[in-house]
Amino acid sequence: MDGIWIDVDLDAVMANFTEVMNHLRPGARCMAVVKADGYGLGAIEVARALQAAGCEAFAVTKVSEGLILRQHGINGIILVLGPTGQQEWTEAIQAGLHITLAEIASVSGLEEICRQLGCQVNVHLKLETGMGRTGLVPGNLARLAHCLNEAPHIQVVGAYTHFARAAQRDRNYTRTQYEQFQTGVAELTKYGITPSWLHVCNSAAFLDYPEWHHDFVRIGTLLIGHYPASDFAGKLKLKDPWVAKSRISYVRRVPKGTYVGYQSIYRTKADTQLAVIPVGYADGFGVEPHLIPQGWVDFLKIILKNFLALFGVYLGQERVIHNGRTVRVAGKIGMQLTVLDVGLSECAPGGEVIIPLRRTIANPRILRVYWKDGRIFCKRFLEEGISYFHTEIS
Ligand SMILES: *Cc1c(COP(=O)(O)O)cnc(C)c1O
């Protein structure tokens, strides 16, 4: 073992799926979102486990992600949520992927490729209602319908939209988005386009608006055992399938007043032991996304944190777990090495440490160890699968 690995409990993923299913409106189904390589857990194993648990529909961002799933035995619906390019359509259509149609300009190209291939493509219309990213805008739906009615190879099987503020529980904004979606669907129906399936809910909306479950809910976050935001905690009984672990590679006793790491920002306050783990920011440890303060309190916290750091007081310093105890990181996290101040308790090379590692940015080169029925099921690096899968760069 390479000194760092991630245990992924597939039973926990399956249990989370069952928990979501138990809260679904009758008639609605769960579309498992396994984009970004299954939020870092590994899309192939996660999708296979979910398929075994009865999941019939999956969603990813890119065509390359969808193709990988097909090649690895996922035979249900696979919807590509993100933008797709003409050069990917043939492969996507042949693999039976569902494509998101977010631009009228795509209709003629898609139709032409299908005609040449002699087959149909299933598309989901993405309506833009307030996310400001991609999607068909209301004013254009008549023209869209006109183009679609001339495109016999394009089957409109779905229509959907995506909420921008569901996790923040902004009910006004979310309701406005939903109403715009409904208006759009009604307009499409008027022009003869009737998608069989409607879907609007992500994890947050699934929890807050059961009346909007429609035909599918698109769930990612909950399946991997997280809540969309902290105030959703406890709304479902979720299991966390993810534990990142490392082994201590080196331990040394040092006196009080020893400087540790780059810039010597840490100095031991007493005689202690320093333990080195082979984990650093190259693995994603201590790397946080750039967060926008959510209100004034949050803003003041950020200011205070930076202010204190100027005087050598580090709030929010990373912590790890060793022998069931919380242990501080001493000083700056290095590229591939980190020092822990473990105190004077029992500590030896080879000892296991649990590391808080953000899932979606955990390095794909860290070995994922999959557990099923309480035993190791398989081990895999993610990069063999999705990250290095061919994408044409032109
Ligand atoms: C990521 C994503 C989801 C899943 O969102 P979660 O909050 O992780 O459940 C659903 N729909 C779209 C379009 C997405 O991009």
(request) For the chain, with a Gaussian network of springs between Cα atoms less than 10 Å apart, report the residue from 177, 273, 317 with the top mean-square fluctuation. (result) 317
(message) Going by Cα centres, segment 302-320 and segment 57-111 are how many Å apart?
(response) 45
(request) Taking the dipole about the Cα centre of the chain, with the C-beta of Lys and Arg at +1 and of Asp and Glu at -1, give me whichever of 66, 343, 362 is farthest to the positive side. (result) 343
(message) Could you give each residue of segment 2-10 its phi-based ³J(HN,Hα) in whole Hz, using Karplus coefficients 6.51, -1.76, 1.60 with θ = phi - 60°, and x for Gly or Pro?
(response) 8, x, 8, 7, 10, 7, 10, 8, 5
(request) Quick one: net charge around residue 125, please, counting Lys, Arg +1 and Asp, Glu -1 for every other residue with C-beta under 12 Å from its C-beta. (result) -2
(message) Out of all DSSP beta bridges in the chain, what portion is antiparallel? Express it as a percent rounded to 5.
(response) 50
(message) With the crude spin-label approximation of a point 7 Å out along Cα→Cβ, what separation in nm comes out for residue 352 versus residue 7?
(response) 0.4
(request) Give me the lysines in straight-line cross-link reach of residue 126: C-alpha distance below 27 Å, same-chain residues under 8 apart excluded. (result) 35, 62, 190
(message) Could you tell me the center-to-center distance, by alpha carbons, between segment 187-216 and segment 349-363 in angstrom?
(response) 38
(request) Pop the C-beta distance of residue 143 and residue 336 into the FRET formula with R0 = 45 Å and round what comes out to the nearest 0.05. (result) 0.25
(request) About the Cα centre of segment 141-219, how large is the charge dipole given +1 on each Lys and Arg Cβ and -1 on each Asp and Glu Cβ? Please answer in debye to the nearest 20. (result) 180
(request) Report the residue, chosen from 161, 268, 61, that carries the largest GNM mean-square fluctuation when the chain is represented by alpha-carbon nodes joined by springs under 10 Å. (result) 268
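Can you sort 226, 199, 72 from fewest to most other Cβ atoms within 10 Å of each residue's own Cβ?
On the way: 226 18, 199 25, 72 13.
Sorted ascending by nearby Cβ count, the order is 72, 226, 199.
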(request) Could you list 332, 301 in order of exposure, starting from the residue whose Cβ has the fewest other Cβ atoms within 10 Å? (result) 301, 332
(message) Give me the dipole magnitude in Debye, nearest 20, for the chain about the Cα centre, with unit charges on the beta carbon: positive for Lys and Arg, negative for Asp and Glu.
(response) 1300
(request) Pick out which of 326, 134, 360 has the largest mean-square fluctuation in a Gaussian network model of the chain, springs linking Cα atoms closer than 10 Å. (result) 326
(message) Just to verify a number: FRET efficiency for residue 360 and residue 176, C-beta to C-beta distance, R0 = 30 Å, to 0.05?
(response) 0.55
(message) Along the charge dipole of the chain, pointing to its positive end and built from +1/-1 on Cβ of Lys, Arg, Asp and Glu, which listed residue (200, 44, 224) has its Cα farthest out?
(response) 224
(request) Starting from the Cα of residue 256, draw a straight line to each of the lysines and keep only those under 21 Å, dropping any in the same chain fewer than 8 residues away. (result) 269, 332
(message) Using a 10 Å cut-off around each Cβ, can you sort 193, 224 from fewest to most neighbouring Cβ atoms?
(response) 193, 224
(message) Report the gain in length on full extension from residue 319 to residue 196: 0.36 nm times residue separation, minus Cα-Cα distance, nm rounded to one decimal.
(response) 39.4 nm
(message) Please report the antiparallel percentage of DSSP beta bridges with both residues in segment 150-296, rounded to the nearest 5.
(response) 65
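Readers should treat all values here as calculations from the given coordinates under stated rules, not as data from a laboratory. Quantities reported herein were computed from a predicted structural model and do not represent experimental measurements. Neighbour counts run over all protein chains shown; Cβ positions are idealised from the backbone, glycine included.
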